[in-house]
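The structure under discussion appears below in the form of structure tokens.
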Amino acid sequence: MNTPSLDHLPALEPGWVWLVGAGPGDPGLLTLLALRALGQADVVVYDALVSADILKLAPTGTLLEYAGKRGGKPSPKQPDISRRLIQLAREGKRVLRLKGGDPFIFGRGGEEALALVEARVPFRIVPGISAGIGGLAYAGIPITHRSINSVVTFVTGHDATGSVPDAVDWAAVAKGSPVIVVYMALKHLATIAQRLLDAGRSPAEPMALISHATLPAQAVLETTLGSCVADAAASGLEPPALLVIGDVVKLRAGLDWLGAIAGRSLIADPLGNRDRTEAG
């Protein structure tokens with residue numbers, strides 16, 4: 001079977017920058033436009049969360065420049081990254097700015113795009129699968145479920161200073177969202193959990209931490225809001241990690257498809273709704 005051609009898709013032209021989401025890590029979750037850009041770029045400026053297997057898809061001779069940011073470690077300054085993108089584009093390079101997840105979801109893609117606008121550098125935005133969606137799916141946790149929630153809130157676990165964001169109304173989030181997904185949550189897990197508990201969330205509420213989502217090293221810890229800090233410390237989980245709080249975590253007993261491949265027995269009705277009459 002021949003591999004379908006991508007020639008009908010837009011081309012990455014010299015002097016352009018494509019801001020592309022690489023998804024949560026598994027190369028199979030790349031979009032076709034992301035794959036197209038990887039095959040055409042002269043330079044790939046990539047983030048810390050872009051997996052090595054994805055970078056291997058770039059042709060031999062492609063310049064790979066690391067521009068990753070990791071908490072607590074020396075990292076490039078955001079203005080320096082934006083200036084580098086502008087410089088490369090003005091040199092006539094085909095520039096792929098490859099970012100983990102989606103460039104516009106806690107990815108600073110908006111900042112970089114606005115810098116390109118100011119410099120009059122043409123660009124394209126290519127969305128990617130955010131870790132808060134793809135990572136949960138690989139853990140067997142649906143982000144919404146008809147009998148549980150019609151609202152979900154995405155929150156970042158730290159702001160530009162590296163601290164828990166004070167601009168977040170944690171009390172309102174705790175009261176208003178049955179399911180909460182927190183990105184980059186592990187470093188400040190104790191503070192985040194306490195703020196949600198102080199706002200009235202139950203210590204017994206189901207919670208899961210997902211480390212290295214969608215990658216071979218993925219690990220999932222099922223716990224509760226009240227026990228998560230001690231359980232996370234005992235588990236040895238490492239960042240990057242997502243946190244999800246809410247009854248959707250219970251569904252993992254029936255939907256852990258990766259676990260099933262490895263031999264786990266799944267429960268057909270983890271919520272105990274077998275006798276409930278469905279409408280529509």
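The values are calculated or read from the model by the stated rules, or taken from the named source; none is laboratory data. Small disclaimer: the values here were computed from a predicted structure and weren't measured. Note that each Cβ is placed from the backbone with ideal geometry, even for glycine, and that neighbours are counted across all protein chains shown.
Does GLY259 satisfy the condition of being of a type in the set (Gly, Ala, Ser), more than 23 Å from GLY107 (Cα to Cα), surrounded by fewer than 21 Cβ atoms within 10 Å (Cβ to Cβ) and free of Cβ contacts under 8 Å to residues at least 60 places away in the same chain?
no
Hey, does the range 138-157 have a residue that's hydrophobic (A, V, I, L, M, F, W, C), part of a helix (DSSP H, G or I) and either touching an Asp or Glu at 6+ places or on another chain (Cβ under 8 Å) or surrounded by 17 or more Cβ atoms within 10 Å (Cβ to Cβ) (or both)?
Within the range 138-157, none of the residues are hydrophobic (A, V, I, L, M, F, W, C), part of a helix (DSSP H, G or I) and either touching an Asp or Glu at 6+ places or on another chain (Cβ under 8 Å) or surrounded by 17 or more Cβ atoms within 10 Å (Cβ to Cβ) (or both).
Going by the conditions given, is GLY23 modelled with pLDDT of 95 or more and exposed (fewer than 12 other Cβ atoms within 10 Å of the Cβ)?
no
If PHE104 meets every condition in (1) at positive phi; (2) surrounded by fewer than 23 Cβ atoms within 10 Å (Cβ to Cβ); (3) in contact with a Pro (Cβ under 8 Å, 6 or more places away or on another chain); (4) not charged (D, E, K, R) apart from one, which number is that one?
Of (1) at positive phi; (2) surrounded by fewer than 23 Cβ atoms within 10 Å (Cβ to Cβ); (3) in contact with a Pro (Cβ under 8 Å, 6 or more places away or on another chain); (4) not charged (D, E, K, R), only one is false for PHE104: (1).
Restricting attention to the range 50-65, does a residue exist that is in contact with a helix residue (DSSP H, G or I) (Cβ under 6 Å, 6 or more places away or on another chain), at pLDDT 90 or above and more than 19 Å from LEU30 (Cα to Cα)?
no
How many residues does the range 26-51 contain that are without any contact (Cβ under 8 Å) to a residue 40 or more places away in the chain and touching a Pro at 6+ places or on another chain (Cβ under 8 Å)?
Within the range 26-51, residues that are without any contact (Cβ under 8 Å) to a residue 40 or more places away in the chain and touching a Pro at 6+ places or on another chain (Cβ under 8 Å) number 2.
Restricting to the range 90-101, name every residue that is over 20 Å from ILE54 (Cα atoms) and out of contact with any Pro (no Cβ under 8 Å at 6 or more places or on another chain).
Scanning the range 90-101 gives ARG90, GLU91.
Being surrounded by 12 or more Cβ atoms within 10 Å (Cβ to Cβ) and not in a strand (DSSP E or B) narrows it down to one residue among ALA113, ALA167; which is it?
ALA113
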